[in-house]
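Chemist: To start, I am sharing the structure in question, which I have written as structure tokens.
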Amino acid sequence: MKYSLFSVVLTSIGLACSIAYANASTKQDMPFYAASLSTEAKEYCQSTQCNTHNFDKQALRQLIESNEYADDVREALALSEYEVLVGDTLIDVDGSPALLMEITTNWRGVPIDDLNITQNISLPLTTEKLNNAASKLLDTWVSHIRRAEVLDAERIYQTLGASNYQQELSIPAQIGDFALQQQALYRDPMQGSIARYEHPEYIDAIVDISVYPVSPFAYSKEMKDADLLAAELNSEHMQVQALVERAGINEYSISEIKPLTIKKNSKVLEGYAFQVELKNGLEPVYTTNYLFKKGDKFVKLSGNFPDMVMLPIVEQSIAKIEVPPESAFMRSMRSDG
């Protein structure tokens with residue numbers, strides 16, 4: 001099971017990307033939290049002796065760290081806004097004791113997986129036996145999420161009713177000499193899908209196509225498409241400049257955001273673009289970004305070439321891209337916005 005989305009931030013701003021990756025890779029506590037038991041568990045504990053809440057969040061985090069896949073789990077949980085809620089109780093304390101854990105995996109407060117598991121404990125009860133039982137249960141949970149691919153992006157999209165990019169997004173398999181190599185979903189439906197194209201001869205030559213919904217939280221329903229595109233690309237323009245400056249790159253230029261019109265097969269598409277040029281090193285490094293709108297989604301094409309090289313690639317591909325229709329998730333977000 002692959003937990004990692006292939007890394008894409010800014011295609012050609014290598015130093016800035018390295019800094020961003022290093023910051024993201026800093027070891028952090030996993031988002032495990034002690035939680036209340038279910039109504040069923042509480043009712044059961046009314047008829048038998050239970051010791052509830054044996055593990056606080058710190059204890060849970062220490063226990064999960066002992067799992068052989070702890071680093072994989074941490075990486076997967078860090079890719080989006082996950083949290084793992086664990087309710088626990090020691091049941092039948094005076095008879096045949098067992099540790100019960102009710103483990104819910106949430107994404108932004110939305111449950112995407114529930115697992116209720118128990119582990120018998122022999123008498124006499126000791127702290128060591130209790131911790132060993134908890135470790136075994138958390139090991140079982142890790143095996144479950146890996147086997148059931150709970151932390152894959154698809155689970156979030158299916159649960160929320162977000163767009164089905166695998167089935168309903170149509171993109172070309174080939175753009176000139178560039179061949180489609182990878183497609184992935186971000187673990188946030190608001191960020192959508194990304195596809196990477198590579199050149200067979202020049203390994204550093206890359207084109208990315210990103211498709212993601214127009215955010216009802218950032219833009220009003222009344223905005224015209226041209227205003228939406230300009231505002232969205234202006235936001236990225238500022239992010240790029242901030243990244244470059246944080247990376248300590250002094251020799252660079254970022255063009256103004258410019259409108260453009262693509263005419264292809266009797267279709268006319270209006271878009272916007274800007275170019276970044278980094279002048280550190282022997283040769284300048286470029287990235288060029290183009291943004292269009294199709295349906296309720298933005299379509300962004302990025303490449304690590306100057307504008308004059310990237311434009312023909314955009315002209316060949318943009319008309320061939322067909323986006324998924326508005327999803328139930330986005331209809332709900334927009335009706336609430």
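Chemist: May I have the convex hull volume per residue, in Å³, for the Cα set of segment 68-162?
Modeler: 99 Å³
Chemist: Another question, if that's okay. In Å and from the alpha-carbon atoms only, list the Rg and Dmax of segment 192-337.
Modeler: Cα-based Rg and Dmax for segment 192-337 come out at 16.2, 52 Å.
Chemist: Can you check how the C-alpha radius of gyration of segment 230-271 compares to 2.2 N^0.38 Å, as a plain ratio?
Modeler: Here the answer is 1.60, to two decimals.
Chemist: Rounded to whole Hz and in sequence order, give me ³J(HN,Hα) for segment 298-306 from the Karplus expression 6.51 cos²θ - 1.76 cosθ + 1.60, θ = phi - 60°, writing x for Gly and Pro.
Modeler: 7, 10, 10, 10, 10, x, 9, 9, x
Chemist: Calculate the FRET efficiency for ARG331 and LYS279 from the Cβ-Cβ distance with a Förster distance of 45 Å, rounded to the nearest 0.05.
Modeler: Efficiency at R0 = 45 Å is approximately 0.45.
Chemist: Using r as the Cβ-Cβ distance of LYS294 and ASP114, and R0 as 41 Å, what FRET efficiency do you calculate, to the nearest 0.05?
Modeler: E(calc), rounded to 0.05, equals 0.65.
Chemist: Further, regarding this structure: Run the paramagnetic zone check for GLU149: 7 angstrom along Cα to Cβ, then residues of segment 186-207 with backbone nitrogen under 15 Å.
Modeler: Under cut-off, by backbone N: 186-187.
Chemist: If you don't mind, there's one more thing I want to ask. Could you give me the ³J(HN,Hα) list for segment 157-164, computed from phi with Karplus coefficients 6.51, -1.76, 1.60 and θ = phi - 60°, whole Hz, x at Gly and Pro?
Modeler: Coupling constants for segment 157-164: 4, 5, 5, 7, x, 7, 4, 8 Hz.
Chemist: In bins 5 Å wide, starting from 0, what share of all Cα pairs of segment 260-312 does each bin hold, as a percent?
Modeler: 5, 18, 24, 22, 13, 9, 5, 3, 1
Chemist: I would also like to ask the following. How much accessible area does VAL150 have with a 1.4 Å probe, in Å² rounded to the nearest 10?
Modeler: VAL150 has an accessible surface of roughly 0 Å² with all protein chains in place.
Chemist: Let me ask something else. Taking only the alpha-carbon positions of segment 129-241 and ignoring solvent, what does the Debye formula give for the base-10 log of I(q)/I(0) at q = 0.13 Å⁻¹?
Modeler: Log10 of I(q)/I(0), two decimals: -0.75.
Chemist: Accessible area of the chain with a 1.4 Å probe: how many percent of it is carbon plus sulfur?
Modeler: 47 percent
Chemist: Here are some pairs, LYS224/LYS267; LYS263/LYS300; LYS258/LYS320; LYS279/LYS300; LYS57/LYS136; LYS221/LYS264; which of them have Cα atoms lying more than 21 Å apart in this structure?
Modeler: As for pairs spanning more than 21 Å Cα to Cα, those are LYS258/LYS320; LYS279/LYS300; LYS221/LYS264.
Chemist: Right, another one. Any chance you could tell me what percent of the C-alpha pair distances in the chain go past 34 Å?
Modeler: Percent of Cα pairs beyond 34 Å in the chain: 39.
Chemist: I'd like to check one number: the per residue accessible area of segment 106-258, probe 1.4 Å, reported in Å² as a whole number.
Modeler: With all protein chains present, segment 106-258 gives 53 Å² per residue.
Chemist: Using per-residue counts of other Cβ atoms within 10 Å, averaged over each peptide, order 78-86, 224-232 from highest down.
Modeler: Per-residue Cβ counts within 10 Å, averaged per peptide and sorted highest first, yield 78-86, 224-232.
Chemist: Sketch the reach of a paramagnetic label on SER253 as a point 7 Å from Cα along Cα-to-Cβ, and name the residues of segment 274-294 whose backbone nitrogen lies under 11 Å away.
Modeler: Output list for this probe position: 276-279.
Chemist: Could you give the length gained by full extension between ALA184 and GLN28, i.e. 0.36 nm per residue of separation minus their alpha carbon distance, to one decimal place?
Modeler: The span from ALA184 to GLN28 would gain 53.7 nm if fully extended.
Chemist: With both bridge residues required to lie in the chain, what share of the DSSP beta bridges run antiparallel, to the nearest 5%?
Modeler: Restricted to the chain, the bridges split so that about 95 percent are antiparallel.
Chemist: I would also like to ask the following. Say a paramagnetic label sat at a point 7 Å from the Cα of SER47, along Cα to Cβ; which residues of segment 65-100 have their backbone N under 14 Å from it?
Modeler: Label zone hits: 92.
Chemist: With a probe of 1.4 Å, find how much accessible area segment 273-337 has per residue, and write the answer as a whole number in Å².
Modeler: 42 Å²
Chemist: Note the angle between two axes, namely the Cα long axis of helix 127-147 and the longest principal axis of the Cα atoms of the chain, as a number of degrees from 0 to 90, rounded to the nearest 10.
Modeler: The angle comes out at about 40 degrees.
Chemist: Note down the accessible area of HIS237, probe 1.4 Å, to the nearest 10 Å².
Modeler: Ignoring ligands and nucleic acids, HIS237 comes out at about 30 Å².
The values are calculated or read from the model by the stated rules, or taken from the named source; none is laboratory data. These numbers were taken from a predicted model, which means no experiment stands behind them. Glycine gets a Cβ as well: all are built from the backbone with ideal geometry, and neighbour counts include every protein chain shown. Ligands, DNA and RNA are stripped out before the accessible areas are found, and what is left, the full protein with its side chains, is counted by its heavy atoms. Shrake-Rupley method; radii C 1.70, N 1.55, O 1.52, S 1.80 Å.
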